[in-house]
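Engineer: Pasting a structure below so you can have a look.
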Amino acid sequence: MPYINVRIAAPKSAETAQQVAKLLTDLAVSVLGKQREVVAVDVQFAIPESWFVGGKTVASQALNTFFIEVKVTTGTNTRDDKAQFIAAAYKGMHAILGTVTPTSYIVTQNVDGEDWGFGGQTQAYRYIAPQMK
């Protein structure tokens with residue numbers, strides 16, 4: 001874990017998607033302490049003419065913007081970890097996309113270990129399984 005969902009209001013680009021995936025994977029590992037091989041990043045592009053900030057499209061404001069949603073298991077990161085991730089992700093996205101609106105949002109969500117997992121096992125099971133041996 002984590003699962004990171006990214007929406008970007010900017011011209012669609014495979015290169016941009018790759019840069020964003022690398023940035024967020026690297027931050028999940030270095031800041032949130034996650035294992036690289038289980039960090040999933042889903043990058044999607046939105047039409048800038050359909051994304052509104054302050055009632056105006058970002059296209060009409062000559063801005064790019066983004067929304068990043070990061071799901072982590074409850075109790076695995078501190079608020080300082082999350083604050084550092086948010087600051088570094090915003091700075092990195094600004095470097096990749098150029099001019100971005102300050103109303104580009106990053107949300108970290110804690111999800112109980114019983115409520116999600118991967119490979120057919122919940123995070124809670126992964127935690128207790130080694131203790132049952």
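The values are calculated or read from the model by the stated rules, or taken from the named source; none is laboratory data. Remember, predicted model here, so these are calculated numbers, not experimental data. Because the Cβ atoms are built from the backbone with ideal geometry, glycine has one as well, and the counts that use them run over all protein chains shown. Heads up: the accessible areas ignore ligands, DNA and RNA and are worked out on the full protein's heavy atoms, side chains in. Shrake-Rupley method; radii C 1.70, N 1.55, O 1.52, S 1.80 Å.
Engineer: Has the range 72-86 got at least one residue that is in contact with a Leu (Cβ under 8 Å, 6 or more places away or on another chain), crowded, with 16+ Cβ neighbours inside 10 Å, modelled with pLDDT of 95 or more and among the aliphatic types (A, V, I, L, M)?
Structural biologist: Taking every residue of the range 72-86 in turn, none turns out to be in contact with a Leu (Cβ under 8 Å, 6 or more places away or on another chain), crowded, with 16+ Cβ neighbours inside 10 Å, modelled with pLDDT of 95 or more and among the aliphatic types (A, V, I, L, M).
Engineer: I would also like to ask the following. Being open to solvent by 80 Å² or more (accessible area, probe 1.4 Å) and modelled with pLDDT under 95: is that true of Gln61 here? Step through it out loud before you land on a result.
Structural biologist: Numbers: open to solvent by 80 Å² or more (accessible area, probe 1.4 Å): no; modelled with pLDDT under 95: yes.
So Gln61 fails the test.
Engineer: Restricting to the range 60-117, name every residue that is of a type in the set (D, E, K, R), more than 19 Å from Val20 (Cα to Cα) and either under 14 Å from the mean Cα position of the chain (by Cα) or assigned to a loop (DSSP other than H, G, I, E, B) (or both).
Structural biologist: Those that are of a type in the set (D, E, K, R), more than 19 Å from Val20 (Cα to Cα) and either under 14 Å from the mean Cα position of the chain (by Cα) or assigned to a loop (DSSP other than H, G, I, E, B) (or both): Asp81, Asp112, Glu114, Asp115.
Engineer: Inside the range 18-48, can you point out the residues that are under 14 Å from Gly92 (Cβ atoms) and either open to solvent by 40 Å² or more (accessible area, probe 1.4 Å) or β-branched (Val, Ile, Thr) (or both)?
Structural biologist: Hits for the range 18-48 are Gln18, Gln19, Val20, Lys22, Thr25, Asp26, Val29, Ser30, Val31, Val41, Val43.
Engineer: When you look at Glu15, is it open to solvent by 30 Å² or more (accessible area, probe 1.4 Å) and within 22 Å of Gln123 (Cβ to Cβ), yes or no? Spell out how you get there, then give the answer.
Structural biologist: Values: open to solvent by 30 Å² or more (accessible area, probe 1.4 Å): yes; within 22 Å of Gln123 (Cβ to Cβ): no.
Taking the combined requirement at face value, the residue does not satisfy it.
Engineer: Filter the range 1-51 for residues that are among the acidic types (Asp, Glu) and either closer than 17 Å to Ile106 by Cβ or not in a helix (DSSP H, G or I) (or both) and give the result. Reasoning before the result, please.
Structural biologist: Just the residues of the range 1-51 that are among the acidic types (Asp, Glu), to begin with: 15, 26, 37, 42, 49.
Listed by number, the residues that qualify are Asp26, Asp42.
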